[in-house]
Amino acid sequence: MAERKLLGQMLIEEGLITEQELKIALQKQRETGHFLGRILVDLGFVNEKDLKRVLSLQAGVEMIDLKNAVIDRKAVEAFPSALAKTYNVMPIKLERDTLTLAVGDTLSLNIQDDISFILGYKIKMVLADEEDIKEAIETYYGKEIETIDDLIKWLAQDVEEMEELEAIASQGEYATITSLEEIASLPPVVKLFDLILLQTVRDNASDVHLEPFEDDFRVRYRVDGVLYDLVHPPKGLAFALFCRFKIMAGMDIAERRLPQDGRIELSVMGRAVDLRVNTVPTVFGECLAIRVLDRGKTIFELENLGLLPEDMAKVEKIIRKPHGIILATGPTGCGKTTTLYAILRKLNTPDVKVITTEDPVEYMLDGAIQVPIKENIGLTFAKCLRSILRQDPDIILVGEVRDFETAQMAIQSSLTGHLVLSTLHTNDAPTTIMRLIDMNVEPFLLASTIEGVIAQRLVRVLCPRCKEEYRPTKQELLEVFLTPERAEKMKFYRPKGCPFCRGGYKGRTGIFEILLPTENFWKAVMEKRPLGEIREIAVKDCKMKTMLEDGLQKINEGITTIEEVAKEVHGY
């Protein structure tokens, strides 16, 4: 099989860009993490049409002119409109068991297997212009935007199967295991399960929630920290969907009175996805939450996390120490593990040995030994850490410090010449020290080992295409404790919304609080001073910039908004 050529090399061979232009684009890619093709188009080095042609050659996929193509009505009838609008694909031809679809970019080729499974056809993909695809979808399906709810109607066309689902759902706790397994395998249930996962991974959602109510059932997902409605399936389909998730997660489908935990590993859109499934019993049935860990996500570079220059200098200083403990703190889902992996990526060179122990392993890091925790067989963080030390590592990542035993092992590891990275759930950097003391760790041991604490939150980033400058009201300024005098010297932006973003925001970045403890700080800790005094010492003596201050700088630079920062630091 011939080696696949790199995009930049092919564009140079085609005479579309120069080597100098490629170098500029590659540098931009390292800074932003965006796709090379999109960067080349945005910089004006190549036009969209030429890029598509080269991408089709690279992927070995035929490129067609959709405006002059003959579209088979049978193909349109076999492909639901909501699916076409959700994924921006246009059915062109249906021949026996093969459905040909036009897609707008080579990334969409990854959904080929998933759509094949949902529809039951073999899928062939061809490339076409995105605007032509949108125009064809409007022509053949209509302009109105349809949601996944419309897919429910399409899935519910088989009346017999839907009646069977309703009948078993009405049996509640008296339903047999055999009948539950049967309804979980019915085609509409499997298709809805796959559609929800497709939408979740496509929109980079962090979690999915299946929630029962007296007269309703809703499925929501969280994108960039905000929950959005996804679908409201009928009772029978919702009950069967629950069963599907529980069977896939290895749970007891007959047990609906006790909380359960499970895990699903599967491939969606060509990406390895790990789902952590949890159920709790409610008044109207079980509530199911799924945390989505996309292992195919790129590990961020340290420079792309949102650290301002002065904070970056602090982080660079502590990660170069040969031993000690570095802690990332904050609530669940605030990007702690992402920060630690960005640090690991910077430190992970051929001359050091890196071992991580996590529950679960969230990112794949080349060259690192990664150990998953399995508490059900007694493999805890503390026990794993004890064994890891015999492997002679240089750098150790412990997923989370949950108890005294783990904290004690982390301290012992750092005292014996290892650099230890870990996470902790606390509100801010100074509180982290109090939390460890509350775990019965001796303060003098903390003073000997803690090199730095990185507290963080995630805020949504304003869409650069549509954000607009404005002057906030006095009430808005009060939300982030700004005086009118200071506000006069600042710039403020707000979201507007455009076709390229979700309500004026696109992606998230971190706001940070980095504590490098000094002797005066540890003296205050040993003397058991009030937390307010310790915070003051952290700001004045340790030169710690608070998360609020970091957020205000990002507001002034047009990265985020008052609303986003206030939401994360309110009452802080």
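Please return the ranges of helices (runs of 4 or more DSSP H) entirely within the stretch 43-93 where 2 or more residues are more than 30 Å from Lys28 (Cα to Cα) and in contact (Cβ under 8 Å) with a residue 60 or more places away in the chain.
81-87
Listed here are the residues, each with its yes/no results for (1) within 21 Å of Trp522 (Cβ to Cβ); (2) basic (Lys, Arg); (3) surrounded by 23 or more Cβ atoms within 10 Å (Cβ to Cβ).
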site: Pro393; (1), (2), (3): no, no, no
site: Asp403; (1), (2), (3): no, no, no
site: Ala407; (1), (2), (3): yes, no, yes
site: Leu415; (1), (2), (3): yes, no, no
site: Val420; (1), (2), (3): yes, no, yes
site: Thr426; (1), (2), (3): yes, no, no
site: Ile433; (1), (2), (3): yes, no, yes
site: Glu442; (1), (2), (3): yes, no, no
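In the stretch 507-552, which residues are within 25 Å of Gly333 (Cβ to Cβ), open to solvent by 60 Å² or more (accessible area, probe 1.4 Å) and of a type outside the set (A, V, I, L, M, F, W, C)?
Arg508, Glu549, listed by residue number.
Which residue out of Glu405, Glu400 is outside any loop (DSSP other than H, G, I, E, B) and either basic (Lys, Arg) or modelled with pLDDT under 90 (or both)?
Glu405
Do we have Ile373 as among the β-branched types (Val, Ile, Thr), within 17 Å of Glu400 (Cα to Cα) and in contact with an Asp or Glu (Cβ under 6 Å, 6 or more places away or on another chain) here? Steps first, answer last, please.
Numbers: among the β-branched types (Val, Ile, Thr): yes; within 17 Å of Glu400 (Cα to Cα): yes; in contact with an Asp or Glu (Cβ under 6 Å, 6 or more places away or on another chain): yes.
Criteria met by Ile373.
Inspect all residues belonging to the stretch 211-230 and state whether any of them is in contact with a Cys (Cβ under 9 Å, 6 or more places away or on another chain), within 16 Å of Ile290 (Cα to Cα) and assigned to a strand (DSSP E or B).
Scanning the stretch 211-230 turns up at least one residue that is in contact with a Cys (Cβ under 9 Å, 6 or more places away or on another chain), within 16 Å of Ile290 (Cα to Cα) and assigned to a strand (DSSP E or B).
Name the one entry in Ile411, Ile355, Ile343 that is touching a residue at least 60 places away in the same chain (Cβ under 8 Å), closer than 26 Å to Ser206 by Cα and hydrophobic (A, V, I, L, M, F, W, C).
Ile343
State all residues of the stretch 232-283 that are at positive phi and open to solvent by 30 Å² or more (accessible area, probe 1.4 Å); if no residue qualifies, say none. I'd like the intermediate steps shown before the answer.
Start the filter on the stretch 232-283 by keeping residues that are at positive phi, which leaves 250, 269-270.
The answer is Gly250, Gly270.
Give me the pairs, please: first residue somewhere in the stretch 251-266 and closer than 18 Å to Thr282 by Cβ, second residue anywhere and exposed (fewer than 13 other Cβ atoms within 10 Å of the Cβ) and of a type in the set (A, V, I, L, M), beta-carbon distance under 7 Å, and either six or more positions apart or on two chains.
Note: pairs meeting the criteria are Ile253/Ile177; Ala254/Ile177; Pro259/Val280.
How many residues, within the stretch 332-360, are outside any helix (DSSP H, G or I), open to solvent by 10 Å² or more (accessible area, probe 1.4 Å) and in contact with a strand residue (DSSP E or B) (Cβ under 8 Å, 6 or more places away or on another chain)? Quick ask: steps written out before the conclusion?
To start, the set of residues in the stretch 332-360 that are outside any helix (DSSP H, G or I) comprises 332-335, 348-360.
Right, trim to open to solvent by 10 Å² or more (accessible area, probe 1.4 Å) and you get 332-333, 335, 348-353, 359.
When the remaining residues are screened for being in contact with a strand residue (DSSP E or B) (Cβ under 8 Å, 6 or more places away or on another chain), the result is 333, 335, 348, 352-353, 359.
Number of matching residues: 6.
Only one residue in Glu568, Glu468, Glu488 is without any contact (Cβ under 8 Å) to a residue 60 or more places away in the chain, acidic (Asp, Glu) and within 30 Å of Tyr228 (Cβ to Cβ), so which one is that?
Details: Glu568 fails: without any contact (Cβ under 8 Å) to a residue 60 or more places away in the chain; Glu488 fails: within 30 Å of Tyr228 (Cβ to Cβ).
None of the other options fit; the residue is Glu468.
Within the stretch 483-506, restricting attention to residues that are closer than 29 Å to Ile454 by Cα and over 32 Å from the mean Cα position of the chain (by Cα), which residue is least open to solvent (accessible area, probe 1.4 Å)?
Restricting to residues being closer than 29 Å to Ile454 by Cα and over 32 Å from the mean Cα position of the chain (by Cα), the top hit is Ala487.
May I ask you to verify whether Ile514 is in contact with a Lys or Arg (Cβ under 7 Å, 6 or more places away or on another chain), in contact (Cβ under 8 Å) with a residue 60 or more places away in the chain and under 21 Å from Pro443 (Cα atoms)?
Yes: the conditions hold for Ile514.
The values are calculated or read from the model by the stated rules, or taken from the named source; none is laboratory data. Note that the structure is a prediction, hence the values are computed from the model and not measured. As a convention, Cβ positions derive from the backbone with ideal geometry for all residues, glycine included, and neighbour counts pool all protein chains shown. Quick note on the areas: whole protein, heavy atoms, side chains included, nothing else; ligands and nucleic acids left out. Shrake-Rupley method; radii C 1.70, N 1.55, O 1.52, S 1.80 Å.
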